[in-house]
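Just so it is clear, none of the values below were taken in a lab; they were calculated from the coordinates. Only a predicted model underlies this, so the values are computations on that prediction, with no experimental measurement involved. Glycine gets a Cβ as well: all are built from the backbone with ideal geometry, and neighbour counts include every protein chain shown.
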Amino acid sequence: MNFRNLFLAVALLLFASPLWAEETPTKSAEECYATFKARYTPESVVQLARAAANHVAEKGEEALSDYLSINPRSWPDPPYSPPITIMRCDNMSSAAFFLPQVFEALKKPGMLKKFQDAEGQHTFFNLCKKVQGKDQAAWVMQTHFWTGCEGPLRMGVLGIKVPGTPYMIQSSLPSAELSLEDFEKTIVK
């Protein structure tokens, strides 16, 4: 089994089987897309991520602990809401992730460079490449599994630099309809 398949298997087990799994029935992909569409827009995800970026910019490294467990800052309304994670593009690692088991694996330098989505795309590498350029924020597309949903979902993945730090806020929004261009319109440059 190659690293990609192993990582997807571990991520699926950990992400798809959280503490509330018994309380949350699995929805079809179409139902999941409809649930997200009814509750969130790309603009609201940008707003959520910018609030997290402001929090980290204000509190610095101390703020990272606010994103190391499931709580209203890291995942406002699981499982059908955009989570907030914190990455470091300089060493391609996670600085904060709300599931401790996943964070332990992703905090090692270089781990995010190895991540591939369900279609073999290097989502976080591509996101860091876009955000490390002239842009302070960027969207990329990925297909990935989501807890409470059947099969992988297509989604926009957002990255926003935290000024004066090595950190980038990351969030995502599943959508069957929106294109990368639709997501990118939400970022004021």
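Odds and ends about this structure:
- Global geometry of the chain, whether rounded, prolate or oblate, following the gyration tensor of its Cα atoms and the 1.5 cut on a/c: rounded
- The packing ranking of peptides 155-164, 179-188, 67-76, highest mean first, is 155-164, 67-76, 179-188, where packing means the average number of other beta carbon atoms within 10 angstrom of each residue.
- In Hz, Karplus ³J(HN,Hα) per residue of the stretch 27-41 (6.51, -1.76, 1.60; θ = phi - 60°; x = Gly, Pro): 9, 5, 4, 4, 5, 5, 4, 5, 4, 5, 4, 6, 10, 9, 10
- Simple spin-label estimate for Ala34 and His55 gives 3.2 nm between the two label positions (7 Å along the Cα-to-Cβ direction from each Cα).
- Here's how it looks for Ala95: its modeled amide H is under 5 Å from those of Ile86, Met87, Arg88, which are all 5 or more places away or on a different chain.
- Point-charge dipole on Cβ atoms (K/R +1, D/E -1) for the chain, about Cα centre, debye to 20: 640
- Value of [θ]222 nm, deg cm²/dmol, for the chain, DSSP H segments ≥ 4, -39500 (n - 2.57) each, nearest 500: -10500 deg cm²/dmol
- Relative contact order (%) - the chain, alpha-carbon pairs under 8 angstrom, separation at least six: 25
- Hull volume in cubic angstrom per residue (convex hull over the Cα atoms of the stretch 71-151): 102
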